[in-house]
Amino acid sequence: MSKAAASSPSGWLNRKTLVYITVAVVVIAVGLAIHFANTGAISNAAQTVNPDATKIKVGSTAPTFSITSNAGPFDLASVNTPVFLEVFASWCPHCQHEVPIVDALAKQYAGRVAFIGVSGSPYGIDGSSPENQADINEWVQKLNVTYPIAFDPDLKIANEYLQGGYPTIVMIDSNKVVRYVNSGELTPPELQTALNGILSSHS
Amino acid sequence: MIARIVLVLRLALGGVFLAAGALKVGHADVFASEIAGFQILPHPLIAPLALLLPFLELMIGAYLVLGLFTRFAAWFAAAEMALFSVAIASAVMRGISTSCGCFGPSDKATTSWPEVGRDLGLTLVSVIIAWKAPGALALDRRMESHE
């Protein structure tokens, strides 16, 4: 650096100093990111996806399950209509955004498709404490969920059906064949197209 | 003329980075779940990246707007946009429809080819800035003139 730089309008804030400041800030940021990476919600969110959860595929036979929801027992084997299964996490914002969409579909397809939402995360609504029935009750109440919702403490259904992240939506036809699997915030037209395709193949 | 074009590109790209970073800050949990949805990175890397990337985007955005370390900032932006393009294209090809999370939790866009195109466009803009850096009204020029 020349003498001119030292007496420049920039003063001490020359290029070399700015490089040092940048490097120092980045190093501190990396350190803080590594330190805070293990905190509850962030760490849980990072484990949204089970990379081994690729058991079900479109065209495969749906693994059987039965669970008790807030609307009563739900047994896949004894349901005669197609099934719309949503695996959600109560702390997951995408799942919260998806609720009104699924709720509207449940009303639109009432009597023709059986809807059920199942909890699929070990962590509760705060993202860090263990999931319990109270979290699910709060989820139903807070979001005015009207379709059946079940708490699955053993995550048996999530272990079979969760793919790609929360929420995972799976559609199963009345022959118990998986006809649709997708995750994330899915749009009403996409879900309606899939449901209509399943229903039309049954008629 | 070219210096002014670079200035406009710098302000536009810097604005995109500032917005992308600002909308993600404070929502690392959402961003982490979105990164996880791509099923590319190993789990131990996801949470640190979700915390760090918004901060880096804010820094790069500020540098681009100010024209400070312009070439470095533009190459970083180009690398990030190119990586995002590859990640989104990979998700689309694997049939994964997940929220891209590019602009924070309110960004509901899901992985799709138009998203890949947008990120490739931003990669191109970044490369042009890096190539013709620093452009007009850049702190880099001011500091060069004093060194």
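What follows is calculated from the coordinates using simple rules that are stated; it is not laboratory data. Remember, it's a predicted structure, so these values are computed and weren't measured experimentally. Cβ sites come from the backbone with ideal geometry, for glycine too, and all protein chains shown count toward neighbours.
Set the bar at 26 Å for Cα to Cα. Now go through A:Lys156/B:Lys24; A:Lys107/A:Lys176; A:Lys156/A:Lys176; A:Lys57/A:Lys142; A:Lys16/B:Lys24 and name every pair that lies beyond it.
Details: A:Lys156/B:Lys24 33 Å; A:Lys107/A:Lys176 22 Å; A:Lys156/A:Lys176 18 Å; A:Lys57/A:Lys142 33 Å; A:Lys16/B:Lys24 30 Å.
The answer is A:Lys156/B:Lys24; A:Lys57/A:Lys142; A:Lys16/B:Lys24.
Overall dimensions of the range A:47-202, expressed as equivalent-ellipsoid semi-axes from the Cα gyration tensor (√(5λ), whole Å, largest first), are 22, 17, 15.
Separation of the range B:35-72 from the range B:1-24 is 16 Å, based on Cα centroids. Converting phi to 3J(HN,Hα) with the Karplus coefficients 6.51, -1.76 and 1.60 and the offset θ = phi - 60°, the range A:31-38 yields x, 5, 4, 5, 5, 8, 5, 8 Hz in sequence order, with x at every glycine or proline.
A dipole drawn for the range B:2-146 from +1 and -1 charges on Cβ atoms has a positive end, and of B:Ile5, B:Phe31, B:Ile128 the residue lying farthest that way is B:Ile5. Short-range pairs are left out: with C-alpha atoms under 8 Å and at least six residues apart, the relative contact order of the range A:47-202 is 33 percent. Averaged over the residues of B:47-58, the number of partner chain Cβ atoms lying within 10 Å of the residue Cβ comes to 5. Within 10 Å of the Cβ of each residue in A:90-97, the mean number of Cβ atoms contributed by other protein chains is 3. When only alpha carbons are used to place a centre, the range A:122-201 and the range A:74-95 end up 4 Å from one another.
Report, as an integer, the average count of C-beta atoms from other chains found within 10 Å of each Cβ along A:174-187. If you can, show how the numbers build up before the last one.
Details: counts 0, 0, 0, 0, 0, 0, 0, 1, 5, 6, 13, 7, 2, 3.
Mean inter-chain Cβ contacts per residue within 10 Å come to 3.
Listed by number, the DSSP H helices of chain B that run 30 Å or longer by alpha-carbon position along their axis and have mean Kyte hydropathy of at least -1.0 are B:2-24, B:43-66, B:70-93. More than 16 Å apart: what percent of Cα pairs in the range A:72-115 qualify? The answer is 45 percent, as a whole percent.
Each Lys and Arg Cβ is given +1 and each Asp and Glu Cβ -1; about its Cα centre, chain B then shows a dipole of about 340 debye. When the Gaussian network model of chain B links Cα atoms closer than 10 Å, the mean-square fluctuations of B:Gly67, B:Gly26, B:Gly135 top out at B:Gly26.
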